[in-house]
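Written out below as structure tokens is the structure these notes cover.
The values are calculated or read from the model by the stated rules, or taken from the named source; none is laboratory data. All values reported here derive from a predicted model rather than from experimental measurement. Cβ coordinates were reconstructed from backbone atoms using ideal geometry, including for glycine residues, and neighbour counts include every protein chain displayed. Quick note on the areas: whole protein, heavy atoms, side chains included, nothing else; ligands and nucleic acids left out. Shrake-Rupley method; radii C 1.70, N 1.55, O 1.52, S 1.80 Å.
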Amino acid sequence: MTHTGASQERIPALDGIRAVAILAVVAYHAGVPGAGGGFVGVDVFFVLSGFLITGILLKDAESGGISLVDFYARRARRLVPALTLMLLVVNAASWLWVPEVVSLRVTATSTVASSLFGQNFYQLTRHADYFEDPGYQNPLLHAWSLSVEEQFYAVWPLLLIAAVYAAKRFGARALPLVTIATITLLSLALVVLGDLNPMVVFYSPLSRAWELGAGAVLACVLTHRRESVPNVVGAIGLLGVIASVVVLDDSITTAPWKMLLPVLATVALIVDARLAPRSVTNRVLSAAPLVWIGERSYGWYLWHFPALVIGQRVLGTSPLATLSLIALSLVVAHVSYRFVELPIRRQQIRFLASTPRTLIAAGVAIALSLGVGFKGRTAAFAIRGEGPWSWLSGACPGSTQEQFDRGDICDLGSADSTRQLLLWGDSQARAVAPLLDTLGKDLGFRVTVRTLAACRPFQPPQLAADTQPCIRFNDSVFAELDRNRSRYDGVVLVGRWASGLMVPPRDPIRLAQHKRGIAGRDTTALRRRGVDRLQLMLTRLDAIGQHVLVLARSPEWRRDPADCRRLPPDTCNDFEKDLTAYHQPAADIFRAAATGTRVRILDLQPMFCSSGTCSQIRDGVPAFFDGTHLSSAGARGLVNETRCAFVALVERRPQMPNCPALVR
């Protein structure tokens, strides 16, 4: 993705290597059979970038010293103009052709992150797996690699300046090479020997530094070398890259040593390009079509992914549509190269001829992208008609994001009442808190809230490290109920039951994440374990004398309700039979658990369904904040239909006539 500056000799085969890299990446994103490892094209770019940029810096050091201002100005001229143009166009295209509000919000946030070269960190905060069909939601995901590269170059020149100075000061000519090699080996050791999260391995600049460092080491070694190498070196390198594209897959995040193949193969290709100009491989890579593609590789990398992500929504995913979008992205890349990249990089625009003005212009461009990104986030939330966390306002008043992460502990309803219920569950429990708050004030009971995001009120079937907070939270709530058996008149359990029992989600984004999460696992055993643990929790609550009301079958929609404001209303309806099938495993458990125990089931699905069709709209008002959570208005709108069930719970009535929502 990085090109040489004017100060470095032009080697056509290096553009050919760029062409191989971008063709691999495009083939991977387009789903071309046999290109399942095409993502390694980014690794080829990293090695090549480390070689070229470090070579330029070393030449600067020899000819008078490295100027940080000039270096960053060159980077700005190279990257910012085309990137800014792409970000602006993608945001405009998203608002025209992408109906999903969550996608618009992610695109806008990604615009901010990409403008600041922090896209990789944004993906880490979202726990977004690159291999989970992420394009459905984020057409700017590919900017993660630019961010990694620029984070590396934010500190790399400083390290080289220090190494070069120390080498001159102490007469140790090999010190720059030793420094670069040491950093490279430390990064490689961190990746191979460290027990890192797979997403950290993929997105972190520390775990990618060894790839850029491999190219940097090569730049040091080849700076003054002119000896030729055998022609077979280039052939081995090219075969290594091709083999990587064909054989590697997403297992590289858990077995990162596999990335040695494309990295070492790229090193071989660069050595061949530099020292074997007459080799067959060099002549192939120097062919005019490959050089032409390589020169436009940065622009093509920028444009191909959003073209596929957004374009396939409009044209579909047929081979013809995909090929057309790839061709279109290459045309746009050529236009960007010819009229944006070249004039600015060659300083043909007089205003940008000076370094200070270049940096000022880059700052303005970044500010423009940031403005578009922040404005897009605001507009996406405005479509929903609520602030990003307003659906939590009824759970614990004044809840902050930090409190959301730690868990809610507060009281709602009638504060002076001696009758008390405990609300226990995950974020869906928070979403129904306004319902219990309203009923508590009407019927005269207090509600103690005990909720934690993503923690259903039973121990999760998988024992991963990230489930430990849920285990501790659930244990503490149960211990409180056990210690204070007479304090509470009843316990209300709410959660995403189907998800906890490993039922595949209904919306495409969560479905992709689910498939990734269960890869290689025995899902039947996990579901059985989840069933056992849910039944155990219900049995334990009954054993300590707690009366339990389970809120079951809250609909989970295929589409985010906010999208329905941008789509025909009928497209957001669901068939009742589909929702019933989705909730069936949990429904069977609850029906069995309710037999002969103090467990009652409040069935929410019929409140949204009629004549075989289910709607997110009740009385003309969107009842859901997103695809799984009731909005505050939607929760309060269920007061009349659920009142009888809560009367039965508070008064501990075994039966409640004329209460159809109460299964038992």
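Put R618, R278 in order of accessible area, highest first, and with a 1.4 Å probe you get R278, R618.
Looking at segment 213-256, what % of the alpha carbon pairs are farther apart than 18 Å?
Working: 513 of 946 pairs.
In whole percent, the long-distance tail amounts to 54.
By accessible area, using a 1.4 Å probe on protein heavy atoms only, the chain has 62% of its surface on carbon and sulfur. The Cα trace of segment 43-179 gives Rg and Dmax of 18.7, 63 Å, the first to one decimal, the second as a whole number.
Summary value for the chain: 15 percent relative contact order, contacts being C-alpha pairs under 8 angstrom separated by 6+ residues.
Here the alpha carbons of segment 257-311 define both size measures, Rg and Dmax, at 14.8, 43 Å.
For the chain, the longest principal axis of the C-alpha atoms and the axis of helix 319-336 are separated by about 50°. Note on segment 11-47 and segment 556-622: Cα centroid distance 45 Å, given to the nearest whole angstrom. Within the assembled protein chains, the solvent-accessible surface assigned to H547 is about 30 Å², based on a 1.4 Å probe.
Per residue, the convex hull spanned by the Cα atoms of segment 99-255 measures out at 145 cubic angstrom. In degrees, nearest 10, range 0 to 90: what is the angle between the Cα axis of helix 427-443 and the longest Cα principal axis of the chain? Value to nearest ten degrees: 30. When all protein chains stay in place and ligands, DNA and RNA are ignored, the 1.4 Å accessible-area order of T523, T448, T125, largest first, is T125, T523, T448.
Kirkwood radius and radius of gyration were both taken over the C-alpha atoms of segment 519-664, and their ratio Rg/Rh is 1.01. Taking only the Cα atoms of segment 233-375, the radius of gyration and Dmax are 19.6, 54 Å. Across segment 155-196 the C-alpha pair distances fall into 10 Å bins from zero in the proportions 29, 41, 22, 7 percent.
Take every DSSP beta bridge whose two residues both sit in the chain; close to 40 percent of them are antiparallel.
Less than 5 angstrom separates the built amide H of L630 from those of F625, all sequence-distant by 5 or more or on a different chain. Close amide H pairs (under 5 Å, H built 1.01 Å from N) link V548 with V491, V599, R600, residues at least 5 positions away or on another chain. By the equivalent-ellipsoid construction on the alpha carbon gyration tensor, the chain comes out with semi-axes of 56, 25, 23 Å, ordered largest to smallest.
Axis angle, to the nearest 10 degrees, between helix 576-593 and the longest C-alpha principal axis of the chain: 60 degrees.
Could you work out Rg/(2.2 N^0.38 Å) for segment 173-288, with Rg from alpha carbons only? Can you show the working numbers first?
Numbers: Rg = 15.5 Å, N = 116, 2.2 N^0.38 = 13.4 Å.
For segment 173-288, the normalised Cα radius of gyration comes out at 1.16.
List the trypsin sites (Lys or Arg not before Pro) within segment 85-182 that fall in a DSSP loop (any state other than H, G, I, E or B) and whose Cβ has at most 14 other Cβ atoms within 10 Å. It would help to have the intermediate numbers written out before the result.
Numbers: sites: R105, R126, K168, R169, R173; in loops: R126, R173.
Taking segment 85-182 and a limit of 14 other Cβ atoms within 10 Å, the loop trypsin sites (Lys or Arg not before Pro) found are R173.
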